[in-house]
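Peer 1: What follows is a single structure, and I will ask about it in a moment.
Derivation of every value follows stated rules applied to the coordinates shown; laboratory data play no part. What you see is a predicted model; the values in this text were computed from it and never measured. As a convention, Cβ positions derive from the backbone with ideal geometry for all residues, glycine included, and neighbour counts pool all protein chains shown.
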Amino acid sequence: MATLEIKNLHARVAEEDGEQILRGVDLEVKSGEIHALMGPNGSGKSTTSKIIAGHPAYEVTDGEILLHLEDDDFGDVEIPDDARTWNLLELEPNERAALGIFLGFQYPAEIEGVTMTNFLRTALNAKIDEREELLFGEDDDEEAEEEAGYDTSPMEGNVDDGEVGVAEFQKLLKEKMDLLDMDEKFMQRYLNAGFSGGEKKQNEVLQAAILEPSIAVLDEIDSGLDIDRLQDVSKGINALRDEQGTGILQITHYQRILEYVEPDHVHIMLDGKVVKSGDASLASELEDKGYDWVREEVYEAA
Amino acid sequence: MSSDQDHLKETDTEARFEFKKEQKAAFVAEKGLTEETIRVISEDKDEPEWMLERRLRALKQYQKMPMPTDWPGQPDLSEVNVDEIVPYIRPDVEVRGGVDDWRDLPDDIKDTFDKLGIPEAEKNALSGVGAQYESEVVYQNMQERWEEKGVVFMNMDQAVQEHEDIVKEYFMTKCVPPSDNKFAALHGAIWSGGSFVYVPEDVTVEMPVQAYFRMNSEGMGQFEHTLIVAEKGSEVHYIEGCSAPKYSAFNLHSGGVEVFVGEDAHVQYSTVQNWSKNTYNLNTKRAIVEKGGRMEWISGSMGSKATMLYPASILKGRGASDNHITIAFAGEGQNIDTGAKVYHNAPETKSTIESKSISKDGGRTNYRGLVHIANGAKNSSTAVECDALMFDNESTSDTMPYMEINESTVDVAHEATVGKIGDEDIFYLQSRGLDDDDAKQMIVSGFIEPITEELPIEYAVELNRLVELEMEGSLG
């Protein structure tokens, strides 16, 4: 079981006189839990998610983000004692991904010319390699280099390259796509290129299903979805938790998705801080009373 | 693993192009270019009088023409002093015109081509191979079945002797005359080596023939000449590869390529250029395409300090067509100035030009192209697409697509994009587990994918590999 622990996180835009956005965020998400992070525009929700993943546009000025790992987090992989707690702020984005952090983007990038299959298998293998290196300090790159060469089309990547071969990957992919009720044609399309808003979001969930993160932060995965797609995506998110034990930190403006993905915990962010936490009922209360209610409550108390 | 790609994996990536060999030559010309030098070279080659005369005429033209210096954004050629280069080096091999068994080559030369993976490729995927070392072709071989059908694939010097009539008719007369530009004139004066390909009527050479050009000595010039004559209804795919180890003094490569595409014939000419980054690569390549014929130019320009190369097709007969695919990659200190020229001189002619260029670490790429549609070339069409990707603010990319349209009933399409690699795109891929370099490499391979998917597999593999090497910066 992994735990993502955000302590007193302060951050600003990484440029001269960059705006201070986060002013002491505290948050803890464990594997298998579903958290909803709500709040009005500009309260710092998206920024929090990007900083967890390591976006270079922000500078952390105080606080920390820790990831605690336990034995069962990477299947059979035994985690050395001295590699159980990680300060994410010291790691590159890909290293964070390797240790089980996943960010579902509000606006996923469109990458022309790179097929979904090629991208996902490359990412999965890169993740496994990097994880080995972080946990055990091994680097078997050189060996792989010698064997480089292509058996399939070069755009599909090398058959033998990496931990997960083409055949094994195809099987895994089919499994996950069935789970999410996705059309197989997706796989030969270029990554997000020309995808509809809904398809992109579905694709984010598929990627999480393939990469099997310990903690998935989903930034407004529900925005721009019609009701049918919302249900598909919700089903996918629930499956991440139920089938893989992924912990979910779901950022949303709306109560709507929470009807399909029921949160264990709801947090409300205001002016760069988490000001209120509760169970699922907090979300409904918010829906009825609006953010002003929270604002009044918080500032009156202060 | 399919056998035709084995040769690509067995060569160590870094050592592959960079190794140097001690120079062991049988004949080395004096530095610089004088009438005397040319007479000596011609004599060493035992050439007929008419070839010597052509060389001397070209020399006079060369001496009269100015260096190109005023093209916008062109590479700086001020370092290119022809008096400083050794124009002709005959390597020390016993058989003039090239042996037909790799084992008959001296060990150091054989080892060079082994490292480059050429003999392996020949076994698996090619109809014939020619290999040039310094100024002369040292290996030449073609499968017997093509010989039986009358196909000729031999080194150019030998063709002057054995196919004198054809060579005399076509060699730098109607396609690339020495008067075309200063470096074509230089080439005409001191050309050496290269390939002669002749494909008789209705013969289709199914697997490509490949020529490989290697410069090993410091401060030399290589000036190979390639002449391809494809008769009516024939088909051939010619691949050339080039490389050299890097020295501090500059090297000069100034090749000449002339292609004659007969009626309804189809010629594909592919180049993988990976010259060392002290090489000036200034070539003239041109095809004349008869009625219904089809010419395809595929060029990958990765190496060289400066390249100026604009393969041209003259669509001379009705319904002739042209397809250009160009990929250029410029890193630190490189200026890759490349493009395409097409002259639509007959009705119903078609051309498509696709160019993709990548620049990083202060490198510069230019697309410089010309499409000319002559008055009377009715119902012709052209489509030009050029895209440039820059890695950083230090790198430059320019697009100069000139169009001269003198006919009204034509279809002209043109698209150009210039963009910087997106930070958000890189972050997206990183967040999925790819490191910074792999993320960029994936974006680049996606950028050139529309082009690579049209290429023959063995070529696409090689090209991808070179792009990977460039991205790793290991080609120095």
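Peer 1: Would you mind telling me the antiparallel percentage of the DSSP bridges in the protein assembly as shown, rounded to 5?
Peer 2: 20 percent
Peer 1: Based on Cα coordinates alone, diagonalise the gyration tensor for segment B:201-308, multiply each eigenvalue by 5, take square roots, and list the semi-axes in whole Å, largest first.
Peer 2: Working: eigenvalues 181, 28, 21 Å².
Gyration-tensor ellipsoid for segment B:201-308: 30, 12, 10 Å.
Peer 1: Comparing A:ASP129, A:ASP82, A:ASP288, which has the greatest mean-square fluctuation in the GNM of chain A with Cα pairs linked when under 10 Å apart?
Peer 2: Per the Cα network of chain A with a 10 Å cutoff, A:ASP82 tops the list.
Peer 1: Suppose a student asked you for the relative contact order of chain B, using Cα pairs under 8 Å spaced at least 6 residues apart; what percent would you report?
Peer 2: 10 percent
Peer 1: Could you give the radius of gyration (one decimal) and Dmax (whole number) of the Cα atoms in the protein assembly as shown, in Å?
Peer 2: 30.9, 104
Peer 1: Additional query: Evaluate E = 1/(1 + (r/R0)^6) for B:LYS232 and A:ASP178, where r is the Cβ-Cβ distance and R0 equals 51 Å; express this FRET efficiency to the nearest 0.05. Don't skip to the answer; put the middle values down first.
Peer 2: Numbers: r = 56 Å, r/R0 = 1.09.
In this case the efficiency is close to 0.35.
Peer 1: D for segment A:176-265, whole µm²/s, Stokes-Einstein with Kirkwood Rh over alpha-carbon pairs at 20 °C and 1.002 mPa s: what number?
Peer 2: Details: Rh = 13.2 Å.
Estimated diffusion coefficient is 162 µm²/s.
Peer 1: Test of understanding: extend the Cα→C-beta vector of B:SER179 to 7 Å, then name every residue of segment B:58-88 with backbone N under 15 Å from that spot.
Peer 2: What the label zone holds, given the 15 Å backbone N cut-off, is B:58-66.
Peer 1: Sorted by mean Cβ packing within 10 Å, highest first, what order do the peptides B:201-214, A:4-17 take? Don't jump to the answer; show the numbers that get you there.
Peer 2: Values: B:201-214: 19.9, A:4-17: 15.8.
In decreasing order of mean packing, B:201-214, A:4-17 become B:201-214, A:4-17.
Peer 1: Would you compute, for the Cα atoms of segment B:15-309, the largest minus smallest coordinate along each principal axis and list the three values in descending order, in whole Å?
Peer 2: Largest first, segment B:15-309 extends 47, 41, 40 Å along its Cα principal axes.
Peer 1: Show that you can apply the helix-only estimate: for chain B, add -39,500 (n - 2.57) for every DSSP H stretch of four or more residues, divide by all residues, and state [θ] at 222 nm to the nearest 500. Walk me through the numbers on the way to the answer.
Peer 2: Values: 13 runs with 120 residues, N = 476.
Calculated from helices alone, the mean residue ellipticity at 222 nm is -7000 deg cm²/dmol.
Peer 1: If you line up the long axis of helix A:116-136 against the longest principal axis of chain A, both from Cα atoms, how many degrees apart are they, to the nearest 10?
Peer 2: Taking Cα atoms only, the helix is inclined about 80 degrees.
Peer 1: Using 1/(1 + (r/R0)^6) with R0 = 25 angstrom and r between the beta carbons of B:ASN124 and B:GLU94, what's the FRET efficiency to the nearest 0.05?
Peer 2: My answer for the efficiency is 0.35.
Peer 1: Run lengths n ≥ 4 of DSSP H only: what is the helix-derived mean residue ellipticity at 222 nm for chain A, with -39500 (n - 2.57) per run over all residues, to the nearest 500? Can you show the working numbers first?
Peer 2: On the way: 9 runs with 110 residues, N = 302.
Computed mean residue ellipticity for chain A: -11500 deg cm²/dmol.
Peer 1: Give the Cα extents of chain A along the principal axes, in whole Å, largest first.
Peer 2: Computed over chain A, the largest-to-smallest principal extents equal 67, 44, 39 Å.
Peer 1: Take the eigenvalues of the Cα gyration tensor for segment B:343-476, scale each by 5, and report the square roots as semi-axes in whole Å, largest first. Don't skip to the end; give the middle numbers.
Peer 2: Working: eigenvalues 242, 50, 34 Å².
Ellipsoid semi-axes (Å, largest first): 35, 16, 13.
Peer 1: Ok, one more. Need one number for segment B:422-476: average projected area of the convex hull over its C-alpha atoms, nm².
Peer 2: Values: hull surface 17.0 nm².
Seen from a random direction, the Cα hull of segment B:422-476 projects 4.2 nm² on average.
Peer 1: Between B:ARG39 and B:MET67, what FRET efficiency follows from the Cβ-Cβ distance if R0 is 25 Å, with the result rounded to 0.05? Could the numbers behind the result be given before it?
Peer 2: Numbers: r = 25 Å, r/R0 = 1.00.
It comes out at approximately 0.50.
Peer 1: Tell me, what is the percent relative contact order of chain A, built from C-alpha pairs under 8 Å that lie six or more residues apart? Walk me through the numbers before you get to the answer.
Peer 2: Numbers: 540 pairs, mean separation 81.0, N = 302.
This gives 27 percent for chain A.
Peer 1: For segment A:1-42, what are the per-bin percents of Cα-Cα distances with bins 10 Å wide, up to the bin holding the maximum?
Peer 2: The percentages, shortest bin first, are 23, 42, 28, 7.
Peer 1: Right, another one. What does the net charge come to around A:ASP26 if you take all other residues with beta carbon closer than 13 Å to its beta carbon, with K and R at +1 and D and E at -1?
Peer 2: On the way: positive: A:LYS7, A:ARG23, A:LYS273, A:LYS276; negative: A:GLU5, A:GLU28, A:ASP62, A:GLU64.
With Lys, Arg at +1 and Asp, Glu at -1, the net is 0.
Peer 1: Convex hull over the Cα atoms of segment A:262-301, averaged projected area in nm²?
Peer 2: Values: hull surface 11.0 nm².
Directional mean of the projected Cα hull area for segment A:262-301 stands at 2.8 nm².
Peer 1: What share of all Cα pairs of segment A:1-89, in percent, falls into each consecutive 10 Å distance bin?
Peer 2: Going from the shortest bin to the longest, the percentages are 16, 44, 28, 11, 1.
Peer 1: Per 0.36 nm of contour for each residue apart, how much would the distance between A:ASP228 and A:ASN8 grow if the chain were fully extended, relative to their Cα-Cα spacing?
Peer 2: Details: separation 220, 0.36 × 220 = 79.20 nm, distance 3.85 nm.
Using 0.36 nm per residue and subtracting the Cα-Cα distance, I get 75.3 nm.
Peer 1: On average, how much area does the Cα convex hull of segment A:35-75 cover when viewed from any direction, in nm²? Let's see the in-between values first.
Peer 2: Numbers: hull surface 17.8 nm².
Taking the Cα atoms of segment A:35-75, their convex hull projects to 4.4 nm² on average.
Peer 1: Among the lysines, select those whose C-alpha is under 26 Å from the C-alpha of B:LYS115, and discard any that sit fewer than 8 residues away in the same chain.
Peer 2: B:LYS9, B:LYS20, B:LYS21, B:LYS24, B:LYS123, B:LYS246, B:LYS277, B:LYS305
Peer 1: A follow-up question, please. So if each residue of separation counts as 0.36 nm, and I subtract the Cα-Cα distance between A:ASP76 and A:PHE136, what length gain in nm does that give? Before the final figure, lay out the partial values.
Peer 2: On the way: separation 60, 0.36 × 60 = 21.60 nm, distance 1.43 nm.
20.2 nm is the gain from fully extending A:ASP76 to A:PHE136.
Peer 1: Using alpha-carbon positions, what is the distance between the centroids of segment A:159-224 and segment A:69-136, in Å?
Peer 2: 15 Å
Peer 1: Additional query: Summing +1 for each Lys or Arg and -1 for each Asp or Glu, what net charge is found among the other residues whose Cβ lies under 12 Å from the Cβ of B:LEU52?
Peer 2: Numbers: positive: B:ARG39, B:LYS45, B:ARG54, B:ARG55, B:ARG57; negative: B:GLU35, B:GLU43, B:ASP44, B:ASP46, B:GLU47, B:GLU49, B:GLU53.
Here the charged neighbours net out to -2.
Peer 1: Add +1 for every Lys or Arg and -1 for every Asp or Glu among the other residues with Cβ under 10 Å from the Cβ of A:ALA123, and state the total.
Peer 2: +2
Peer 1: Something else: Which order, highest average first, do B:300-311, B:130-141 follow once you tally other Cβ atoms within 10 Å for each residue and take the mean per peptide? It would help to have the intermediate numbers written out before the result.
Peer 2: Numbers: B:300-311: 25.3, B:130-141: 26.9.
Descending mean neighbour count gives B:130-141, B:300-311.
Peer 1: How many times 2.2 N^0.38 Å is the alpha carbon radius of gyration of segment B:96-166? Don't skip to the end; give the middle numbers.
Peer 2: Details: Rg = 12.6 Å, N = 71, 2.2 N^0.38 = 11.1 Å.
For segment B:96-166, the normalised Cα radius of gyration comes out at 1.13.
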